[in-house]
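Notes for the one structure printed next.
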Amino acid sequence: MRRALATVVLLAVLAIPPAAHADGDPASDVLLLQDVYLPYQPVVPKPVADALTRTVKQLRKEGYPLKVAVIATKTDLGTVPQFFGRPAAYAPFLESEIKFNKAKPLLVVMEAGYGTAAMDPKLASAVVGVEKPTSGSADALGRAAIDAVLRIAAVAGHPLPKPKLPPSAASKGGGGGTSPAIIFGVPVLLLALGGALAAMRARQTDRTAS
């Protein structure tokens, strides 16, 4: 009985794709089970993350399954950090880890731009005209990923509506930073207040002396 159980366990382990237990990049593990990999830190804002996931899910329903990896930092690459900033090189490497016995169309998004693998040349070239992420923030990367997926979907003959998203942090002026008027105005105000207090003390001294 024990020998039979050991045999079953061994066969189960051997059946796991090599990428699932031999790779070192987190995206390859996640994309074996789902279609979207998002960085753990920094976190993609929930509205953006949800919109990206829904868009990719809808594209799958339309008949074109697509894997998407959003890479924000070298941490997302695990033991292969040399691919950071090189989405075109990382895409085929990542696809080779997740394809098992079937090619998996893949889109990689980094601040440096986009990378594709296992994709028809016409679809791969579709992302060339997509604007690169405006920054390396998780918000910007997530929004860029949505734009790229929508472009691929349109060229593949499965146009999808663009999801409604709240304004980005960049469009809000950097997330509501401190106003320059406040930054430079406060010291001036403090100096003026200090001068007024000094004048009041001087007057009190003169009155006491008289």
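The values are calculated or read from the model by the stated rules, or taken from the named source; none is laboratory data. Note that this is a predicted model, so its numbers are computed, not measured. Every residue, glycine among them, receives a Cβ derived from its backbone with ideal geometry; neighbour counts consider all protein chains shown. Accessible surface is based on the protein model in full, side chains and every heavy atom, while ligands, DNA and RNA are left aside. Shrake-Rupley method; radii C 1.70, N 1.55, O 1.52, S 1.80 Å.
Residue 110 accessible area, nearest 10 Å², 1.4 Å probe?
For residue 110, the solvent-accessible surface is approximately 0 Å².
When we measure straight from the Cα of residue 67, which aspartates and glutamates land under 17 angstrom away, once same-chain ones fewer than 8 places off are left out?
Here the aspartates and glutamates satisfying the reach criterion relative to residue 67 are 25, 29, 35, 50, 76, 95, 97, 120, 147.
Take the cross-link list 132/164; 46/102; 102/164 and give me the ones stretching past 29 Å between alpha-carbons.
Cα-Cα > 29 Å for 46/102; 102/164; rest within.
Counting other C-beta atoms within 10 Å, and keeping those with at most 10, which DSSP coil trypsin sites (Lys or Arg not before Pro) do you find in the stretch 62-112?
Passing both the DSSP loop test and the Cβ count: 102.
Quick one: what Rg and Dmax do you get for the stretch 44-129 from the alpha carbons, in Å?
Rg then Dmax for the stretch 44-129, in Å: 13.0, 35.
For a quick check: with amide H placed at 1.01 Å from N, whose amide H comes under 5 Å from residue 36's, ignoring anything fewer than 5 positions away on the same chain?
68
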